[in-house]
Amino acid sequence: MLNWDNPLTPSKPASKANTGAAEQAAPGSTPSEKLADAFSSYASSNALMDQPARAVEATAPAVAPANTGISFDDTPAAPAEVVREEAPVAPTAAVKPVTGDAMAGMFTEQMGVTGKVMTAVNSNDKRVINGQGDVNQLAPFKYPWAWEYFLNANKNHWTPLDINMAQDVHDYNHTLTDSEKHVYENVLAYLTTSDILAMRNIGLAVMEKMTAPELQIYQARQVYEEALHTWTYQHCIETLGLDQAEIYNRYRVVPEINQKIQVANRRLEDVMRSDMDLTNQDDLNSFVMSYMFFSGIFEGSWFYNGFTPIFSLQRRGLMKGTSEQLQYIMRDEVMHASFGIRVVKQILLENEVRLDPKAIRQMWDESEAAEAGYARYILRDPILGYNADDHIEQFRFIANRRARQLGLEEPFPGAQSRTPWLDEQANMKKEKNFFETRVTEYQTGGALKWD
Ligand SMILES: [Fe+2]
Ligand SMILES: [Fe+2]
């Protein structure tokens, strides 16, 4: 059963509420070598959203075992049952991030005159940010869950060419009403701009600040996935013969789309600065707020809820190819949001971050206002079975869920789910015939022609 709504168990007071470290028993994954079964078990990825940040391992764990089964949860295959006590975390104020020259210096220190490495890497030296471990050495892992995210992300592999869009071309040209076309086009226009922004955020502003390679490796995959999402929207736009220049420019000329992009861009600009120093309290707070926004709201709420208008068409048998594409994207986004929330909580566990409740409240309020304006624009005329009020209330409902996962108070108490079928989209019941419905075959490495 779906389990999207289980609150996390916060273990610390509000200022550190996001650092719930109590381990919850992960729902049993069902290792299976059949991809179909794995996709069916994607519901378990919900657990990944609902688990608190796992306690940091006190000792270097063994290298994560090979992942023989395929499942979408983030539970490490074997070590999941091993709950390790949280390692004492040293104060961070004086610790400088290990990047660039500092890394080179550290490396030199570890080398003797013979050129041999003098000291072994200790996983306890790793930190999410401001760490002093060797950022070029993957194992021993300190955050094996991050490696599991990477392994699981690779199981949701598709390209937009896999999905047949022929019926969508017919639906768009012959069946959709003007109001439905307005919804469809503007959702695509918003999403495609957003995904580029998401790619720039994780690839240019976040990755470089991580000081544990297992975190960076998942984020590298995330960067690829954001690019893949952009390709997917482009494929839809191109296949339907929409005016590309006009669609891609909409976020600049439609204030209601622009508002959402501006909110996100401001968070990105807050942290994409060359003089950013995460040992500085203000910069650290900005970084945490930005990561919280991108994982909890931008990906976790806006994206998650952003596919809904098109899914509502799918439920009436329309634009099913596009909807299937979006279902694959939604899976990725669920993992991005979940991973980001987990990273944020780990940062809060390892660092003295003083979150300002007013700033958090403001974050929810401006996100709600931007989402409401957007919803009233794209759904200025309700479409059958879906209207702007549904969209806005669903945003509030999902935002409450993300807040709980972050260990924060619900920003919109009492919000009700207007689209109870939305969570099922992430689980995509049709995956059992995924391979039968693919319209292209993947080439294996040996089959590729390189010249
Ligand atoms: Fe994306
Ligand atoms: Fe994403």
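7 Å from Cα along Cα→Cβ at both D277 and W421: what's the point-to-point distance in nm?
About 5.5 nm, to one decimal.
Over 28 Å between Cα atoms, which of K181/K260; K126/K358; K142/K209; K181/K358; K320/K345 qualify?
Numbers: K181/K260 21 Å; K126/K358 32 Å; K142/K209 17 Å; K181/K358 39 Å; K320/K345 37 Å.
Those over the limit are K126/K358; K181/K358; K320/K345.
Taking the Cα of E208, stepping 7 Å toward and past its beta carbon, and measuring to each backbone N in the stretch 264-303: which are under 14 Å?
269-278
What does a probe at R380 reach in the stretch 240-264, counting residues whose amide N is under 13 Å from the point 7 Å along Cα→Cβ?
Within reach of a label on R380, which here means backbone N under 13 Å from a point 7 Å along Cα→Cβ, the stretch 240-264 contributes 254-257.
Placing +1 at every Lys and Arg Cβ and -1 at every Asp and Glu Cβ, with all other atoms neutral, what dipole size does the stretch 144-440 have around its Cα centre, in debye to the nearest 20? Walk me through the numbers before you get to the answer.
Details: 31 positive and 43 negative charges, 98 e Å.
Rounded to the nearest 20 debye, it is 480 debye.
Let me check the size of the stretch 144-440 from its C-alpha atoms; what are the radius of gyration and Dmax in Å?
Taking only Cα atoms of the stretch 144-440, I get Rg and Dmax of 18.6, 58 Å.
Which length gain, in nm to one decimal place, applies between S179 and A245 when the Cα-Cα distance is subtracted from 0.36 nm times their residue separation?
Details: separation 66, 0.36 × 66 = 23.76 nm, distance 2.11 nm.
The S179-A245 span can extend by a further 21.7 nm.
Within the stretch 196-234, what residues put their amide N at less than 18 Å from the label point 7 Å along the Cα-to-Cβ vector of N136?
208-217
Based on the mean of other Cβ atoms within 10 Å per residue, sort peptides 180-187, 362-369, 330-337 so the most packed one is first. Before the final figure, lay out each step's value.
On the way: 180-187: 21.1, 362-369: 17.1, 330-337: 24.8.
Top to bottom by mean Cβ count within 10 Å: 330-337, 180-187, 362-369.
If R0 is 30 Å, what FRET efficiency do you get for N164 and Q362 from their C-beta distance, rounded to 0.05? Before the final figure, lay out each step's value.
Values: r = 45 Å, r/R0 = 1.49.
After rounding to 0.05, the efficiency reads 0.10.
Scan the stretch 376-422 for chymotrypsin sites (Phe, Trp or Tyr not before Pro) in coil per DSSP, keeping those whose Cβ has at most 14 other Cβ atoms within 10 Å, and list them by number.
Details: sites: Y377, Y386, F395, F397, W421; in loops: W421.
Passing both the DSSP loop test and the Cβ count: W421.
Coordinate-derived values only; no laboratory data. Keep in mind that what you see is a predicted model, and the values were worked out from it rather than measured. Using ideal geometry, Cβ is built from the backbone for each residue, glycine included, and neighbour counts are taken over all protein chains shown.
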